[in-house]
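Below: the structure, in structure tokens.
The values are calculated or read from the model by the stated rules, or taken from the named source; none is laboratory data. All values derive from a computational prediction rather than experimental measurement. Using ideal geometry, Cβ is built from the backbone for each residue, glycine included, and neighbour counts are taken over all protein chains shown. All accessible areas refer to the heavy atoms of the entire protein, side chains included, with ligands and DNA or RNA removed. Shrake-Rupley method; radii C 1.70, N 1.55, O 1.52, S 1.80 Å.
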Amino acid sequence: MAHKLIKYLALIGLSLITTLSWASWDLVKESHNVKLFRSTAESDQFTSRIEAEVNVSIETLKEVIEDPNACDMWLFRCQTAHHISKTDDDHLYLYYIRDYPFPLKDRHGVLQLQTTQETNGEFVLTFQLRQSMTPEESTLIVPELFSAQIRLVRLDENRSKIYLEHQLNPGGTIPNWLKKSIHEEFPFNSVLGLIESAQSKRLEHH
């Protein structure tokens, strides 16, 4: 009896933790089956989450994300991007320059992209900024933080769910009137760009 009670209380506790976790996220934007959530925690001000449904396979989405030459087609405000090196089939490095709105300087950096496939078939693609690998440029700034984890979930053969957790601290002084745009429009429009690029890629295959 005591064992069953403990197990029941544990399940309640897990449910409560999950509820509290999602309670700290606000839905701030929704359009074209894309939902953007922002954290309400002050310590997590640089983090956004996105959920999206798209009529494209996870393989096509993965193909677009892994193509360095396509990065400037979907990563919002990406001026240029090119492949630097590839250590194996699951790890590659790319250099990018991102256009920031006036009066800010543009940002640049080297990103490591790692791809894993989980046992349930889902793909997880993680971008991580490598500051030490980024060359110094007097006219450009290296962000203090940039990371993105994209989870691709298969709903059926040609329908997928995209989950993105996005962290961005551009560094430097950002005017208050620009902060909302950077922390909301950058990840949201990047996902819209990814969806559009993947849909175009799908049409190429047919």
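Sparse packing (at most 14 other Cβ atoms within 10 Å of the Cβ) combined with a DSSP loop state is found for the following GluC sites (Glu not before Pro) in the stretch 149-187: GLU157. Taking 7 Å steps out from each Cα toward its Cβ at ASP90 and LYS161 produces label points 2.4 nm apart. Taking the chain as a Gaussian network of alpha-carbon nodes connected by springs under 10 Å, the highest mean-square fluctuation of the residues ALA81, ALA70, ALA41 belongs to ALA41. Axis of helix 186-205 versus longest Cα principal axis of the chain: the two differ by about 80°, to the nearest ten degrees. Just the protein heavy atoms count here, and of the accessible area of the stretch 64-113 at 1.4 Å, carbon and sulfur take up 50 percent.
Please build a GNM for the chain, connecting alpha carbons under 10 Å apart, and tell me which residue among SER132, SER39, SER48 fluctuates the most. Between SER132, SER39, SER48, it is SER132 that shows the largest mean-square fluctuation. Per residue, the stretch 114-193 exposes 52 Å² of accessible surface when a 1.4 Å probe is rolled over the protein heavy atoms with every protein chain present. For the chain, the number of Lys pairs with C-alpha atoms closer than 13 Å, counting only pairs eight or more positions apart or on separate chains, is 4. Note on GLU53 and CYS78: their simple-model spin labels are 2.7 nm apart, each label 7 Å out from Cα toward Cβ.
In the context of the full protein assembly, MET73 retains an accessible surface of approximately 140 Å², using a probe radius of 1.4 Å and ignoring ligands and nucleic acids.
Rolled with a 1.4 Å probe across the full set of protein chains, the surface gives VAL34 an accessible area near 0 Å². In the elastic network of the chain, a GNM with C-alpha springs shorter than 10 Å, the most mobile of PHE102, PHE186, PHE46 is PHE102.
Specify whether the C-alpha gyration tensor of the stretch 114-167 places it in the rounded, prolate or oblate class, a ≥ b ≥ c being the square roots of the eigenvalues: rounded for a/c under 1.5, otherwise prolate if a/b is larger than b/c and oblate if not. Prolate is the answer for the stretch 114-167, as a/c is 1.5 or above and a/b outweighs b/c. For the chain, a Kirkwood radius taken over Cα pairs fed into Stokes-Einstein (10 °C, viscosity 1.306 mPa s) yields D = 86 µm²/s.
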